[in-house]
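Remarks on the structure that follows.
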Amino acid sequence: MRALRLLIVVLLVSLGFLGGYFAGWFLHGENTVRLSPTQQTSAREAGRLQQKIIEELQGRYYKPVDVDKLSQAGINGMLESLDDPYTVYLTPKEVREFEEKERGSYSGIGASLQKTKDGLVITAVFEGSPAKAAGLVPGDVIQAVDGKSTRTTSIEASISRIKGKEGTSVTLTVRPKGGGQAKEVKVVRKTIEIPETDSRIINDKGTKVGYVQLYEFGGFAGRDVREDVEELTAKGAQWFILDLRYNGGGLLTQAVDVTNVFQAGLVTSTAGLHSPKEELEATGPVATKKPMVVLVNRYSASASEIVTGALKDHGRATVVGTRTFGKGLVQSIVDLGNGAALKLTTAVYLTPNGTNINKKGIAPDIVAPDKPKTKPDEALQAALRYIARQEK
């Protein structure tokens, strides 16, 4: 197992996940937006209209108005009209917290999260975490944090409320997996250690299978998976299983690096109305050419889907599990000059075959759902049965 790293457990992918949806998070290199004269005119008119309304409220409304609050509500409403939960305004405080979490460790609840229209879906709960002790499981939906809805709030703002000083508590309104009545759950925060990867040899009826589970696509994912594969190869691994279940994603660069452990060539391409098409290729040496299986489920998202799509399209791996999440978007961060920032979707990414998986996900070659409440890992067993058939 890789050395453990201290992370704020709910910000699991401080480098790319933040709940799992930052595949392709990168800093926008140019802050100048080039607009046509018509676009510039319409933008100015919209700005003047908002200014006029605020001025009228300031001068005529029956009680004092909070201009900052009005401005924030206007921005949020404008972005919500895009029907894109990943395009959000980040306050100066949220930007500082994003930058801070890359420099240190924080306390949280020990769960990774995905933003959906229903709120924050828990995609993974870590052993020894407060979330585990509170009985939270993957599939539960956090509808509110200390009474504040997560449906109408950016994931960054919700995470800011969830994290806090070790020993303090946060109250979550949770709808159980599968539906049912929502309930309030009080969780005491703490800082815990989360592994980057977990690896071992599985001796299955004489066949040595190298098993590597990747928890996130952080800054060293490619390096760590490569080291694991090399160690397992030295131990005689004849097959490999890359487990990306409950992995919500991370850095686009690390998706390329992880793919490169097993496969060279085109990994993904990105395309957007205002973004030139870009192809990302794995060009380095591969660590193994042994046959392999990729395990996925409905919580495998973003960078996990990039890797899965690349290995599947190249015929490098057999995909086992259930259909993936379907998050095929690339975000950029734009500095707004006042300490705040705009995180916006700028492109979609495509698999090597040109498939857009956004909102569709990737279908497995072998459907094998796992039942979390049962001791056997049904999906892993299905993968091992597949390997056994190939070895006959």
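Tabulated values for the structure
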| quantity | calculated |
| --- | --- |
| Residue tally, condition touching a Lys or Arg at 6+ places or on another chain (Cβ under 6 Å), of a type in the set (A, V, I, L, M, F, W, C) and in a strand (DSSP E or B), over segment 132-173 | 2 |
| Residues of segment 65-94 that turn out to be outside any loop (DSSP other than H, G, I, E, B) and not aromatic (Phe, Trp, Tyr), as a count | 19 |
| Boolean, GLU166 is among the charged types (D, E, K, R), under 30 Å from ILE387 (Cβ atoms) and in the same structural domain as ILE109 (by TED's automatic domain parsing) | no |
| Verdict on SER304 being buried (at least 16 other Cβ atoms within 10 Å of the Cβ), assigned by TED's automatic domain parsing to the domain that holds PHE220 and either farther than 17 Å from ILE366 by Cα or within 19 Å of the chain's Cα centre (by Cα) (or both) | yes |
| Residue pairs meeting the criteria (Cβ under 7 Å; at least 6 apart or on separate chains; first of a type in the set (Gly, Ala, Ser), in segment 345-370; second surrounded by 15 or more Cβ atoms within 10 Å (Cβ to Cβ) and assigned to a strand (DSSP E or B)) | ALA347/THR270; ALA347/ALA271; ALA347/GLY272; ALA347/VAL330; ALA368/VAL320; ALA368/GLY321 |
| Restricting segment 279-299 to residues that are within 30 Å of SER332 (Cβ to Cβ) and in contact (Cβ under 8 Å) with a residue 60 or more places away in the chain, the residue that is surrounded by the most Cβ atoms within 10 Å (Cβ to Cβ) | VAL296 |
| Every residue from segment 105-125 that is in contact (Cβ under 8 Å) with a residue 60 or more places away in the chain and surrounded by fewer than 20 Cβ atoms within 10 Å (Cβ to Cβ) | SER105 |
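Rundown of residues vs (1) within 23 Å of PRO130 (Cβ to Cβ); (2) in contact with a Lys or Arg (Cβ under 9 Å, 6 or more places away or on another chain), yes/no style:
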{"position": "LYS183", "(1), (2)": "yes, yes"}
{"position": "ARG189", "(1), (2)": "yes, yes"}
{"position": "GLU196", "(1), (2)": "yes, yes"}
{"position": "ILE201", "(1), (2)": "no, yes"}
{"position": "LYS205", "(1), (2)": "no, no"}
{"position": "VAL209", "(1), (2)": "no, no"}
{"position": "LEU214", "(1), (2)": "no, no"}
{"position": "GLY219", "(1), (2)": "no, no"}
{"position": "GLY222", "(1), (2)": "no, no"}
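Conditions tested, residue by residue: (1) assigned by TED's automatic domain parsing to the domain that holds TYR299; (2) of a type in the set (Asp, Glu).
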{"site": "GLY180", "(1), (2)": "no, no"}
{"site": "LYS183", "(1), (2)": "no, no"}
{"site": "VAL187", "(1), (2)": "no, no"}
{"site": "LYS208", "(1), (2)": "yes, no"}
{"site": "VAL225", "(1), (2)": "yes, no"}
{"site": "ASP228", "(1), (2)": "yes, yes"}
{"site": "GLU231", "(1), (2)": "yes, yes"}
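The values are calculated or read from the model by the stated rules, or taken from the named source; none is laboratory data. As the structure is a computational prediction, the values presented were derived from the model and not from experiment. All Cβ positions, glycine included, derive from the backbone under ideal geometry; neighbour counts span all protein chains shown.
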